[in-house]
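Worksheet: the structure to be examined is printed underneath.
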Amino acid sequence: MSKTTRIEPNLQFVKELQEVGGVDLKKCYQCATCSVVCPMSPAENPYPRKEMIWAQWGLQDKLTNDIDIWLCHNCGNCSEQCPRGAKPADLMSAMRNMAYRKLVPPTAIGTWMSSPKYLPILAGIPATIWAIIWMIRAAIKGTFFPLAEDGRIVYDNLFPGDFTIDPLYGLTAIFVVICFGLGIKNMIDGFKANMPTTFVIGYKKPSILQAIIDTVRYDILQHTRFNDCVDSSEDNERVKGHQILFYGFLACFIVTGTVAAFHWGGKVITFIAPLVHTPMPLWHPVKILANIGAVLLLVGLTLLTRRRLNLDDKKYRSNYYDWYLLGVIWVVTLTGIGAEVFRLSGMAPLAFLTYYVHLVSVFMLIAYLPWSKLGHLVYRTTALIYARYTGRLPIDEKLIEDDKIFVI
């Protein structure tokens, strides 16, 4: 006796998918060209063909808990080769956008991140917070642009780290970590409930620790899977831009962590505090690393922005999530560089105003991270680790030798 499966389409979900990037999904007629040309798709239950039909049918649960939307690296081959112009790459991107909106509460932030009409809210929250702090400090100091006794511009005079910047961003970071923790749990629960067992001949299942190590080594530090998606100069520019931007962020993260560690650690071990006291001279190793990070961010942003501006609409269409992320990172980078230049130039009004905008943009980058496209740093990494752990790998990534996985 055959088993009957009842399909209950969610038409509102289909409409939302189209609004966040999957405009052409209904053009698909299931020829499977997309799955054939995808360099990332596994041999068993390949994508994105199945995602196209799930989207047309409005199967929200299937797509929401689908690991493959995160394993896709958006090379665009599927959209380029699609005979109907259904743009499967846009659909996969749209599904990730939907996941950002709904993966963790409060979902209101996810809704705000989905449309430019909510941008005043997203920017207005940190702008108001830092404006209030600025006005309070200006009232205490007697000026909106307080200088040090020797006439230097020191941002700590207006925005003291100990009781403005560090507590505010510290609490924000805790909030973001908790949200990411919930998101990871929801993802893995969904994978376990909906992901079929994958079996690849010759594949030895690694420990979860080994899966993490391999993912960090190959997929993050070396960008192996991004490189596997390269088949044109435009794709190569995307990989370079993404990798350069990643290392720029890593440099800035190391700088921020070092400054915080020496500052707060110096309250206990007093002699280490002056070693990384801000503002640092340009020859200080930490300042040099910070400036290298800024240059890397500029180069990476330039490559990615140029590529996105020159995209062929037949292959891939940019959406608001793409431009919001690029825009915020541009503002963070340019205001960070500007704050240093104006400080060194002694231009107090411009320096403090630029630093204020920098604080606002950094808040927008960090506080909304679990609901923005940059959240893929955590969500895609989680999916890649789980895929290695369960054996859901691209068709040519299965060579095992001496108990280790080698990426071909």
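What to note about this one:
- Structure-derived volume of the Cα convex hull per residue in Å³: which label, when the choices are (i) 168; (ii) 149; (iii) 185: (i)
- With a simple spin-label model that places each label point 7 Å from the Cα along the Cα-to-Cβ direction, the separation between residue 129 and residue 31 comes to 5.0 nm.
- Over the chain: helical MRE at 222 nm, DSSP H runs n ≥ 4 each giving -39500 (n - 2.57), nearest 500: -19000 deg cm²/dmol
- Between the Cα long axis of helix 166-194 and the first principal axis of the chain there is an angle of about 10°, rounded to the nearest 10.
- Rounded to the nearest 20 debye, the dipole magnitude of the chain is 680 debye, with +1 charges on Lys and Arg beta carbons, -1 on Asp and Glu beta carbons, and the Cα centre as origin.
- Estimated vicinal HN-Hα couplings, Hz - the stretch 117-124 in sequence order (Karplus 6.51, -1.76, 1.60; Gly, Pro = x): 5, 9, 4, x, 6, 4, 7, x
- Charge dipole magnitude, Cβ of K and R +1, D and E -1 - the stretch 213-317, Cα centre, debye nearest 20: 300 debye
- Cα-projected label distance for residue 10 with residue 182, points at 7 Å along beta-carbon direction, nm: 1.7 nm
- The residues 100, 29, when put in order of fewest to most other Cβ atoms within 10 Å, stand as 29, 100.
- Under a 5 Å amide H cut-off, with hydrogens placed 1.01 Å from N, residue 59 pairs with 10 among residues at least 5 apart or on other chains.
- Ranked list, fewest to most other Cβ atoms within 10 Å of each Cβ, for 154, 20: 154, 20
- Isolated cysteines of the chain, defined as having no other cysteine beta carbon under 4.7 Å away, are 28, 31, 38, 72, 82, 179, 252.
- Label zone (residue 258, point 7 Å along Cα-to-C-beta; backbone nitrogen cut-off 16 Å) within the stretch 142-184: none.
- Coupling constants for the stretch 20-34 follow from the phi torsions by the Karplus curve (6.51 cos²θ - 1.76 cosθ + 1.60, θ = phi - 60°), and in residue order they are 9, x, x, 4, 9, 4, 6, 7, 5, 10, 6, 7, 6, 4, 4 Hz; glycine and proline get x.
- Sorted by Cβ neighbour density within 10 Å, fewest at the top, the residues 8, 340, 44, 80: 8, 44, 80, 340
- Take the convex hull of the alpha carbons in the stretch 11-102; its mean projected area over all directions comes to 5.1 nm².
- Degrees between helix 320-345 axis and first principal axis of the chain (Cα, 0 to 90, nearest 10): 20 degrees
- Sum of side-chain charges, residue 28 neighbourhood, beta-carbon under 13 Å (Lys, Arg +1; Asp, Glu -1): +3
- Value of relative contact order over the chain, rounded to a whole percent, pairs C-alpha under 8 Å and six or more apart: 23 percent
- The residues neighbouring residue 84, those whose beta-carbon lies less than 11 Å from its own, together hold a net charge of +2 under the Lys/Arg +1, Asp/Glu -1 convention.
- Added length on full extension, which subtracts the Cα-Cα distance from 0.36 nm per residue, residue 61 to residue 189: 44.8 nm
- To the nearest ten degrees, helix 285-309 and the longest principal axis of the Cα atoms of the chain are 40 degrees apart.
- Once the chain from residue 302 to residue 141 is taken as fully extended at 0.36 nm per residue, the excess over their C-alpha distance is 54.0 nm.
- Extension gain, residue 207-residue 250: 0.36 nm per intervening residue step, less the Cα-Cα distance, totals 12.8 nm.
- Of 15/87; 62/240; 87/373; 102/185; 205/373; 50/205, pairs whose Cα-Cα distance is over 23 Å: 62/240; 205/373; 50/205
- Model label points for residue 269 and residue 84, set 7 angstrom from Cα along the Cα-to-Cβ axis, are 6.4 nm apart.
- Phi angles of the stretch 61-78 translate, via the Karplus equation with coefficients 6.51, -1.76, 1.60 and θ = phi - 60°, into HN-Hα couplings of 4, 4, 6, 4, 9, 8, 5, 5, 5, 8, 6, 5, 10, 6, 6, x, 4, 4 Hz per residue; Gly and Pro are given as x.
Only the coordinates and a few stated rules stand behind these numbers; no lab work does. Since this is a predicted model, take the numbers as computed values, not measurements. Ideal geometry is used to build each Cβ from the backbone, glycine not excepted, and the neighbour counts take in all protein chains shown.
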